[in-house]
Amino acid sequence: MFKKTLIFMSLLSAFTLSGCKNNTDIINSTTPTINYTNETTETSTTEETIEKIYASVVSIDNYVDDSLYGSGSGIIVAKDENLNLSYVLTCYHVIDEGTSFLVNLASGTSKEAILVGGDVSSDLALLAIEDTNYTYATLGNSSNLKLGSFVIVIGNPLGTLPGSVSTGIVSYINRDVLSEDYRTMTLIQTDTAINSGNSGGGMFDMNGNLVGVVNAKYAKEGIEGLGFAIPVNDAKEVIESVLSTAVYDNNSKTFTTKGYLKGAYELAFTIADFQSLPFFNTYVGISNISSNSSTTGYDQFETNDIIESVTVKTSNNTYEITNFSSAASLYQQLYSIDINVGDELIFTIYRNNKEEVITVIVTQFIPE
């Protein structure tokens, strides 16, 4: 019924590419459990609904080496009474690069948080805070949304206005949107006021059910009312996968292995556009290689390697990518292929005017 259209969006904070690491067994470890509240059909006024859901939304401060790196939003979605932990859902780009996190509750209280895990490609992450006596969001069913459905968004616009409430409607369902790192995401479009810092905040229906996680807006001068949210049905899959793969150490009270979305991979380097002086020829090359990646073969790359072609070998097919004039074009062609853990990526590159072939194996992405 709804035709998918590809447009370009701007995340409310920037994505960065990350490395991977392997799972390890931990003595005295626990796999966390999940306990969240499912959809309600209880009706109420707008004011009553906001009062019911308000305290489930928090603001999040991301610190790097004790310096504030950025601020966003989050939603308290679940708890594990055995571990005395509650889980805060947010966007991956809100916590990316962070070394410590502070969750600021609607009550004014702040709690130190630890990273449980997440998935870059879904732009979703989970943090954990101590105690299990908070207000928890009721997880709805985003497939029940219709064009024109009224929604409530609560978040931390500009990173300085926590607890801000705005309302609007669903402007489009299943909108294909191109992110800043050239991934295509299928999102809920809304005309609700959304600004930088709203990332990770909640989109609720008028019954108070969480139906989406705000993650982006269309950012261009003169354009308003084009915000986007990750459907909660997609978020549920990530939540459950992250908690089923995370390893919590009871002695150190930390997640010694971060949870992840099973089967998800992440490039361990950035593909970028370069210019070759003095002729100003543009070429596509390698930059920002991850130093902590254990993905097989990525350490063979060097910055400024020129990419001539990429061959993708999956279990079913072989794909040749040879026609690209920009990093964006190459990324989009890579992401259009159903690449899975264990597949091969064969890069033909030029380095120091010599052609070389580098083969890498796709491995499971696990946050660090």
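The values are calculated or read from the model by the stated rules, or taken from the named source; none is laboratory data. For clarity, every value in this text was computed on a predicted model and none was experimentally measured. Reconstructed Cβ throughout: ideal geometry from the backbone, glycine too, with neighbour counts over all protein chains shown. Please note that ligands, DNA and RNA were not included when accessible areas were found on the heavy atoms of the full protein model with its side chains. Shrake-Rupley method; radii C 1.70, N 1.55, O 1.52, S 1.80 Å.
Overview of results
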item: Alpha carbon centroid spacing (whole Å) that separates the range 247-265 from the range 94-160; result: 19
item: Dipole of the chain [Lys/Arg +1, Asp/Glu -1 at C-beta], most positive-end residue of ASN353, TYR136, ASN316; result: ASN316
item: About the Cα centre, charge dipole magnitude for the chain (Lys/Arg +1, Asp/Glu -1 at Cβ), debye; result: 540
item: The chain, accessible area per residue, ligands and nucleic acids excluded (1.4 Å, Å²); result: 45
item: Neighbour cut-off at most 13 other Cβ (10 Å), DSSP loop, GluC sites (Glu not before Pro), the range 207-247; result: GLU221, GLU224
item: 222 nm mean residue ellipticity, helices alone, for the chain (DSSP H n ≥ 4; -39,500 (n - 2.57); rounded to 500); result: -2500 deg cm²/dmol
item: Under 23 Å between alpha carbons - lysine pairs in the range 212-368 that sit 8 or more apart or on different chains; result: 4
item: Three-way shape label, the range 150-305, alpha-carbon gyration tensor, a/c 1.5; result: oblate
item: Degrees between helix 232-245 axis and first principal axis of the chain (Cα, 0 to 90, nearest 10); result: 70
item: For the chain, the longest site-free run once chymotrypsin sites (Phe, Trp or Tyr not before Pro) in DSSP loop states with at most 15 other Cβ atoms within 10 Å are removed; result: 3-278
item: Highest-fluctuation residue, ASP305, ASP119, ASP66 considered, GNM on the chain with Cα pairs under 10 Å; result: ASP66
item: Lys, Arg +1 and Asp, Glu -1 on Cβ, resulting dipole of the range 33-133 about Cα centre, debye, nearest 20; result: 80
item: Reachable aspartates and glutamates from LYS111, criterion Cα separation under 15 angstrom, eight or more residues apart if same chain; result: ASP61, GLU130, ASP131
